[in-house]
1. In terms of the Cα gyration tensor, with a ≥ b ≥ c the square roots of its eigenvalues, is the range 659-740 rounded because a/c is under 1.5, prolate because a/b exceeds b/c, or oblate?
2. Which of rounded, prolate, oblate describes the range 2-147, given a ≥ b ≥ c as roots of the alpha-carbon gyration tensor eigenvalues and a/c under 1.5 marking rounded, otherwise prolate only if a/b is larger than b/c?
3. For the ranges 596-606, 350-360, what's the packing order if you count other beta-carbon atoms within 10 Å of each residue, average per peptide, and put the highest first?
4. In straight Cα distance, which lysines are under 21 Å from Lys88, not counting same-chain residues fewer than 8 positions off?
5. Expressed as a rounded percentage, what relative contact order does the chain have, with Cα pairs under 8 Å and six or more residues apart?
6. Putting +1 on Lys and Arg Cβ atoms and -1 on Asp and Glu Cβ atoms, find which of Gly505, Pro282, Ile370 reaches farthest to the positive end of the dipole of the chain.
7. Regarding the range 234-401, what's the average projected area of the Cα-atom convex hull, expressed in nm²?
8. Ranking request for peptides 444-450, 308-314, 120-126: highest mean number of other beta-carbon atoms within 10 Å first, then the rest in descending order.
Amino acid sequence: MMLYEVVLSGTSLNKTFLYSYNSDLQIGERVYVNYNGKKTVAYVIDIKNETGNFKEILNRIDGRSFLQDWYVKIIREISSFFNSPLGKLLDLSFPKGIEDYFEDKVKALSPLYPVEELSKKEFIEKYGEAKLNELVKNGIVKIEKDLKVKKPRPQRELYVYLDADVLEISEKRLTKRQQNVLNYLLSRGSCTYSELREIFGINKDVLLQLERKKIILLSETPLDFEERKIELTQRQKEIVRDIINKQGKHLLMGVTGSGKTEIYLSVMEHYLKFGRTLYLVPETSLIEQTFSRIKSRFPDLNIGIYHSYLTKSKKADIWLKSVTGEIDVLIGTRSAIFVPLKDLNLVIVDEEHDDSYYQDTDPIYDAISILEKYPKTVIFGSATPRLEHYFKAKNGEFHFHMLTERFGTVLPDVEIIDLNNEEKITPHVSKKMFDEIKEELEKGNSVITFVRRKGFSLLMCQRCGYFVKCPSCDVALTYHKDEGKLKCHICGHSQSVINVCPSCGSVMLLEKGAGTERMEKELIQFFQGRKIARADTEIIRKPNLFNEVIKDLLNGKLDILVGTKMITKGLDVPTISLIVVTDIDAIYKLPDYNSEIKAFQLLVQVVGRSGRRTKGKALIQTFNPESEVLKYAVKQDVKSFYELELEKRKVLKYPPYSDIVQVITYSADKELGYITTDKLVEELKKVINEEIIGPTEYLIPKMRNNFLYHFLVKTNDVKEVNKILNNVLKKYPTKYQIRVNPPSLLTYSI
């Protein structure tokens, strides 16, 4: 009997167990065990040489492991570092319901006992279940799951071409699906049917209808469909050669629009000869754009898309094609790192600085931290990389590559608008901003206006200062004028707008703050007849709506886009000539160790959306024109700002010079919550020889009727601190969450 260490699936119990089995199992393999009288899924994570009486593993689930040994080892390290349940992390590697796609096969284990390979069902029908159990127990046969990938019948590729101009198209009545196809074609000119099917899930009937309307042309042979390969600059060629010749981790740091994607594609061209590529983006809204660029360059590749919004069946389909090697390139958001892509040999992480790569809910993990440990070539790319990666690259831990010039154009001019002195049309729109937008629109260009948050911010009484708050959370409700609702963005509470102040009886309740809805409303009033849209989290949650907005921009149908930080994420829209940043001050003034660098990164990224084909311009409205954040962002001087930030952090012992462990406690009783947290910290100070800051009220002290407190531990041994924390926290009657190096200390929701 062999002895195996296993971890249970789907449980927060971060503990391993020993079980025995009568034959060899693989690391990462799924098995059934008896735990507390229940048949439970578990993962084999180690093979032991110990002896003794242990419960037996009931049986194997897949008959093989889909997870590499090195991958399981990394996930164990991540579990320990982020204090996340190992079983739940390993669960992320298997889509729910994947078993429905498996078929049990009986296979011989020894050539001395040849057994006819049959399905389990067929074997039992022929020889009986008792015989099967006997053969399995004696190690003569094994039951292994074969993958049943439902493959479509082989079809010849169909090439799709636009065969009408914009005026002709505008006169046709089109369905939503037809419009999606045309928007895509208008930005590209041509594509394949498989490409459209992968992105939009359409069938051939949609194309045949468009062909009958004489809008598109279909062909079984490529008429004009040549590989679009752009000639690289000398510097880009040098970087491509360097990445190909040096395996390991690479940081590609280049100003916005400097051609990082062309480097990715050229490196991919080499690596795809020997294996497969994982290409990560921070948001689902960027997947279609990325798919299009890769497909244009490599029309014959099988490209898969994987993210959390896919249907259960689609996830299973992509997973099966990934593990069987049917996918050459997998594009996805952070969850795609858990897909066991066969023969993976290159990972590309675009916009690697983005907070979206950090999962802030159970199980907590950082996709970037996982990839740092991969024994594969990984390219981390950004105009404003993680400070920790800049530090590692500077010190030789990563290969460092820099692009200092834009590809085909120059960086935009940036102008600071001092709101202390500037004439204002509204509290949020200066006359300078108004005049510049008007001038660009008259030239036929498009404008992006960046706003920090969605909605109208809050509803406030002008007489007594009362503002409407959430009954369950200590935050002001955000006013959504389009819906006539007040909403809490913490717990989801929603209520109708009130007309009378409950505090003083005044009817002087006015909208305060500059959210996306308010800015959109004001701009519509100022620029009547112009097409204005907004892009915020409210829009991004609606399928295809964000993509339609971007396509309208690409096609010149949109004059002004009002958006939150999602507009900074990798958008390449050549029609944008002017960017306006309306309220950056509130971001870098937040009481958070990352607030200044996040504000700086955001500014550099959003300014970089301007002038992607010709020289553009950016305006930044501020009450603090002398800010160092603005000073360096205006010059797009990332290196100098990062060096300044590193100096500050070295003194304060913040990452990358130490790690931050944040502990958030929450209790339904405010006083008990504080007393308990205070006692907890007192005890920790006796056993942890590390700097502890706090406890104090959390920035939002009340969420979902719970009162929150938090404290920080600065350490160079996170695993040891986690071990102590887990032991001490068990003694206290309070709920808690441990977060390691969170992107923000202030963005948390229970």
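Each value in this text was obtained by applying a stated rule to the coordinates, not by laboratory testing. This structure is a prediction, so every number in the text was calculated from the model and none was measured. All Cβ positions, even for glycine, are placed from backbone atoms using ideal geometry, and neighbour counts span all protein chains on display.
1. In terms of gyration-tensor shape, prolate.
2. Details: a/c = 2.08, a/b = 1.67, b/c = 1.24.
Note, shape of the range 2-147 comes out prolate.
3. Working: 596-606: 23.7, 350-360: 21.4.
Ranking, from highest mean packing down: 596-606, 350-360.
4. The reachable lysines, counting only those whose Cα sits under 21 Å from Lys88, are Lys15, Lys38, Lys39, Lys73, Lys96, Lys312, Lys315, Lys373, Lys719, Lys723, Lys730, Lys735.
5. Working: 1395 pairs, mean separation 77.9, N = 750.
Normalised by residue count, the contact order of the chain is 10 percent.
6. Checking the options against the dipole of the chain, the answer is Gly505.
7. On the way: hull surface 38.4 nm².
Averaged projected hull area, Cα only: 9.6 nm².
8. On the way: 444-450: 23.0, 308-314: 12.9, 120-126: 14.7.
Per-residue Cβ counts within 10 Å, averaged per peptide and sorted highest first, yield 444-450, 120-126, 308-314.
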